[in-house]
Amino acid sequence: LDGGAATEPLIYDLMRALLAQQKSNDVAFLLDRYPQFKTQPAYQLMRANLHKAQYQYEEAAALYQQSLSQADAVLADEIRFQLAELHLKQQQFSQIQPLLSAIRVDGAFGKKAQYLQAQLYLIQQQRDDALKIYQQLLSRDDSDAIALLGKAQVLQQQGKLAEALNAIVSYREKFPYNPYGQLIHAALIGLQGDDKEQNRMLRQVQMQLNNLPENAKEQEDV
């Protein structure tokens, strides 16, 4: 961008990258810097994403709807996914399904829509349906990190500890230092009665998180 590349669509990918790093102020600066694009649906989508990151949910929802009416098929999938994610945050569960159903399965957001659908099933205590989605995803890619982790969580919630342990061990063989995997593994070890090993694993995660930069420690996931 600094070297003179065409501003659109590069500017939107830059905003996506900044939002993924929770750099909301940088995104706000860029939006203000390029007001000539404010009627474009991709610009409105980025402003909606910024509102969502800042917990301004009503403003975000209005902009998502506005941008959706003008977007092409590719961008519409992204808008529907972001809006569905917003409804999940607001616990407006009945509004999520129509949005996910409209996202093209073979598009860039097809898999993400399945992840969100499984998450919705789990919230609604429909664990078998969530497990079915994770199994389908794993049948296409047995290294799918989110599906592997999700499968382990569902099996844990169903009380199938041995199966859950097998699933999380498979996950950790591929992603040994992922803290989510470590936490679920520790929980399963504890449920099997090995408190000493569970405490060791939890201390390991704590040390790992303590080594993060200060700004990273403030992130919601951490």
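Quick note: the coordinates plus some simple rules give every number you see, no bench work behind them. Computed from a prediction, not measured in an experiment: that's the story for all the values here. In this analysis, Cβ positions are derived from the backbone assuming ideal geometry, glycine residues included, and neighbour counts consider all displayed protein chains.
One table, with the values for the structure above:
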read-out	value
Contact order relative to length of the chain, as percent, for alpha carbon pairs under 8 angstrom and 6 or more apart	8
Cα pair distances in the range 142-222, grouped into 5 Å bins until the bin that holds the longest one, percent each	3, 16, 25, 22, 19, 11, 4, 1
Trypsin sites (Lys or Arg not before Pro) lying in DSSP loop within the range 92-127, provided at most 14 other Cβ fall within 10 Å	104
Loop-located trypsin sites (Lys or Arg not before Pro) in the range 186-222 whose Cβ has at most 12 other Cβ within 10 Å (DSSP)	none
In degrees, nearest ten, helix 145-157 long axis to first principal axis of the chain (Cα)	50
Fraction of the pair-distance distribution of the range 47-127 above 20 Å, Cα-Cα pairs, percent	29
Cross-link reach list, aspartates and glutamates versus residue 174, counting only Cα pairs under 17 Å and skipping chain neighbours closer than eight places	141, 142, 144
Karplus-derived HN-Hα couplings along the range 180-189 (A = 6.51, B = -1.76, C = 1.60, θ = phi - 60°), whole Hz, x at Gly and Pro	4, x, 5, 5, 5, 4, 4, 4, 5, 4
Farthest toward positive dipole pole in the range 125-217 [+1 Lys/Arg, -1 Asp/Glu at C-beta], among 169, 201, 146	201
Dipole-positive endmost among 61, 91, 71 within the range 59-106 (Cβ charges, Cα centre)	91
Net charge dipole size for the chain [Lys, Arg +1 and Asp, Glu -1 on Cβ; Debye, nearest 20]	280
Residue among 56, 182, 82 with the largest mean-square fluctuation in a Gaussian network model of the chain, springs linking Cα atoms under 10 Å	56
Translational diffusion of the range 95-199, µm² s⁻¹ [Kirkwood Rh, Cα pairs; Stokes-Einstein; 10 °C; 1.306 mPa s]	110
FRET efficiency estimate (nearest 0.05) - Cβ-Cβ, residue 25 to residue 166, R0 41 angstrom	0.40
Whichever lysines have a C-alpha closer than 27 Å to that of residue 52, once near sequence neighbours (fewer than 8 apart) are set aside	23, 38, 89, 111, 112, 217
Cα convex hull volume per residue for the chain (Å³)	150
